[in-house]
């Protein structure tokens with residue numbers, strides 16, 4: 001196990017478009033049976049968000065539909081979300097009202113839209129536009145809650161968001177607020193904890209979960225046990241593996257044969273765990289190193305390009321091997337069978353061996369660069385008439401230990 005010294009871097013209802021005014025009026029009655037009903041035909045007791053939905057229904061923040069359903073997977077508009085926010089949170093105003101040109105005075109959600117703006121939960125678009133009927137994306141919901149509840153990130157935004165497998169899809173404006181929401185346990189990701197899906201439209205169930213977690217963060221609700229709440233301690237700590245560190249690797253074949261002017265793509269495997277002196281795992285065993293063998297001073301040298309972790313995450317990897325100059329001379333009398341046994345062979349080397357020995361079976365061996373029969377035939381012509389040829393021989397176990405050319409920063413949780 002390779003160890004590295006640790007170096008840290010440092011009473012709103014969710015309404016639906018198309019409902020009649022009479023239906024809305026009935027649903028606005030606080031004691032209405034529907035508003036207090038926590039049993040919906042499309043929300044089973046084991047549904048991932050059932051506890052969030054039932055809790056908010058009991059509080060009168062959200063409600064179901066006249067047909068007894070909740071429609072948990074339906075999208076939520078910005079107007080609907082403003083109504084939910086008004087019902088859930090009692091916040092002081094921080095700014096004056098704005099007359100949004102697309103929210104007429106008789107719009108059903110005008111009061112809640114105005115309230116959500118004045119309390120800092122929602123903002124409009126340039127030109128005093130609110131877009132009340134626009135479906136709200138997940139990242140907008142989290143930004144709204146973090147801003148309205150006045151949360152900001154305490155740690156590095158990039159380090160916090162690095163937890164999410166799709167953090168590169170988070171809009172730039174949303175990153176600080178989503179980091180703050182994460183630190184305050186307001187992010188609920190179903191079914192995969194690390195998949196934020198920031199730009200996907202939020203569903204009614206997801207909005208219920210986010211809002212409830214906002215209430216928990218404010219101390220206004222008890223936490224609900226859920227496997228889908230992103231823990232606030234999932235912030236990555238950065239460790240620096242210094243340049244000059246040797247990374248042991250292995251290769252599936254016993255040797256690699258190639259010509260000195262040949263470039264070959266090669267994937268190596270990290271042979272042992274790379275850890276800090278305290279045992280913190282930085283590079284797991286069986287991570288893959290993607291790179292290539294390149295001509296170097298009459299020999300060949302492996303140049304790494306990417307490190308691929310077992311979970312599929314990739315990182316740029318600046319590491320090289322020593323220049324390898326070991327050769328074997330191939331003559332017409334050489335035994336091809338022994339030479340190519342459990343070997344990976346470059347196209348040019350395969351052509352050279354075939355041309356000198358007259359053994360065409362060598363071109364059926366494992367050739368690193370896929371080459372059609374026509375191209376191989378052309379390569380063979382290059383070596384015809386030679387009595388001997390020298391091929392480079394790479395022994396992965398001894399030749400391909402890699403040395404970092406620059407510090408490698410790894411994030412660990």
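The values are calculated or read from the model by the stated rules, or taken from the named source; none is laboratory data. Computed from a predicted model, the values in this text were never measured in an experiment. FYI the Cβ positions are ideal-geometry reconstructions off the backbone, even for glycines, and counts take in every protein chain you see.
Computed values, structure above
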{"quantity": "Residues satisfying the stated conditions in the stretch 129-182, i.e. part of a helix (DSSP H, G or I), modelled with pLDDT under 95 and surrounded by fewer than 24 Cβ atoms within 10 Å (Cβ to Cβ)", "calculated": "157, 158, 159, 161, 167, 168"}
{"quantity": "Scope the stretch 281-300; condition assigned to a strand (DSSP E or B) and touching a strand residue (DSSP E or B) at 6+ places or on another chain (Cβ under 6 Å); matching residues", "calculated": "281, 282, 283, 288, 289, 290, 291, 292, 293, 294, 299, 300"}
{"quantity": "Condition met for residue 160 (within 30 Å of residue 238 (Cα to Cα) and in contact with a strand residue (DSSP E or B) (Cβ under 9 Å, 6 or more places away or on another chain))", "calculated": "no"}
{"quantity": "Single residue of 216, 207, 230 found to be closer than 30 Å to residue 56 by Cβ, surrounded by fewer than 22 Cβ atoms within 10 Å (Cβ to Cβ) and touching a helix residue (DSSP H, G or I) at 6+ places or on another chain (Cβ under 7 Å)", "calculated": "230"}
{"quantity": "Residue check, residue 85 closer than 24 Å to residue 129 by Cα and touching a strand residue (DSSP E or B) at 6+ places or on another chain (Cβ under 9 Å)", "calculated": "no"}
{"quantity": "Qualifying residue in the stretch 72-87 (condition: over 27 Å from residue 195 (Cβ atoms), modelled with pLDDT of 95 or more and out of contact with any helix residue (DSSP H, G or I) (no Cβ under 7 Å at 6 or more places or on another chain))", "calculated": "yes"}
{"quantity": "Hey, residue 391 farther than 22 Å from residue 254 by Cβ, touching a strand residue (DSSP E or B) at 6+ places or on another chain (Cβ under 6 Å) and at pLDDT 65 or above or not", "calculated": "no"}
{"quantity": "Any hit, the stretch 356-370, residues being surrounded by 15 or more Cβ atoms within 10 Å (Cβ to Cβ), modelled with pLDDT of 85 or more, under 41 Å from the mean Cα position of the chain (by Cα) and within 17 Å of residue 263 (Cβ to Cβ)", "calculated": "no"}
{"quantity": "Qualifying residue in the stretch 247-260 (condition: assigned to a loop (DSSP other than H, G, I, E, B) and farther than 26 Å from residue 330 by Cα)", "calculated": "yes"}
{"quantity": "Some residue of the stretch 320-343 being in a helix (DSSP H, G or I), at pLDDT below 90, surrounded by 20 or more Cβ atoms within 10 Å (Cβ to Cβ) and in the same structural domain as residue 253 (by TED's automatic domain parsing)", "calculated": "yes"}
{"quantity": "Residue match in the stretch 90-98 (condition: in contact with a strand residue (DSSP E or B) (Cβ under 9 Å, 6 or more places away or on another chain) and surrounded by fewer than 17 Cβ atoms within 10 Å (Cβ to Cβ))", "calculated": "no"}
{"quantity": "Residue in the stretch 226-239 that is part of a loop (DSSP other than H, G, I, E, B) and in contact with a strand residue (DSSP E or B) (Cβ under 6 Å, 6 or more places away or on another chain) present", "calculated": "yes"}
{"quantity": "Flag for residue 213 being under 19 Å from residue 43 (Cβ atoms) and either assigned to a helix (DSSP H, G or I) or touching a strand residue (DSSP E or B) at 6+ places or on another chain (Cβ under 6 Å) (or both)", "calculated": "yes"}
